[in-house]
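Visitor: Below is the structure I would like to discuss, written out as structure tokens.
Please treat every number below as a calculation from the coordinates, not as lab data. Note that the coordinates shown come from a computational prediction; the quantities given were computed from them, not determined experimentally. With ideal geometry, Cβ positions are generated from the backbone for all residues, glycine too; neighbour counts draw on all protein chains shown.
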Amino acid sequence: MKVKVLLLFLMIGFGLTGCQKDDEDLSVAAKLKGKWKNTASYTHYYNTQGVKIYTESDDALADIEFDGKSTAKVSMTDGSIFVSIPVQYAVSETNSQDYLTLSSGLGVEKFSITSLTDSNMTLEIEDDSPEYTEGDQEKVAAKAVYIQEYRKE
């Protein structure tokens, strides 16, 4: 009888240690928690055939700090002006694609999370009626994809 009880405890012990989650198994919301430094921000513009026709960099970077629940702080600067805005956020999934929705008094934006690791994140959002300036000409593309790259601090 003692052998059976000992075997049972050993099996439970092995079962519990074998069920530990790896960092890869952390939820999207758990990976988001913390401070993220915006390292790059740019927009790709596409024609009606889906061919990239122009890329524009953005100097205004927006760092984000997620609390791990539903509130974040977005801090933006363009080198001369600094603004900090509290926002609400939510993570969702549709057809195996993760999304991050940020909402504040300024509006609601839903970003695709195209890459998320423990240290890097890439967010994208599409614009179906984008205008841009190339040289001194105002132009309109069929679609634009705004991309933000982040590194966790």
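Visitor: Under the 0.36 nm per residue contour assumption, what length would be gained going from the current alpha-carbon distance of ILE53 and GLU93 to full extension?
Guide: On the way: separation 40, 0.36 × 40 = 14.40 nm, distance 3.01 nm.
Full-extension gain reported as 11.4 nm.
Visitor: May I pose another question? From the backbone phi of segment 104-121, what are the Karplus-calculated ³J(HN,Hα) couplings (6.51 cos²θ - 1.76 cosθ + 1.60, θ = phi - 60°) in whole Hz, Gly and Pro given as x?
Guide: 8, x, 8, x, 10, 10, 10, 9, 7, 8, 8, 7, 8, 10, 5, 10, 9, 8
Visitor: Within segment 121-153, which residues have the backbone N less than 15 Å from the label spot 7 Å out from THR71 along Cα→beta-carbon, could you tell me?
Guide: Once the point is set 7 Å along Cα→Cβ of THR71, nothing inside segment 121-153 turns out to lie under 15 Å by backbone N.
Visitor: Now for a different question. Compute the FRET efficiency between TYR132 and LEU26 as 1/(1 + (r/R0)^6), taking r as their Cβ-Cβ distance and R0 = 30 Å, and round to the nearest 0.05.
Guide: Using R0 = 30 Å, I get an efficiency of 0.20.
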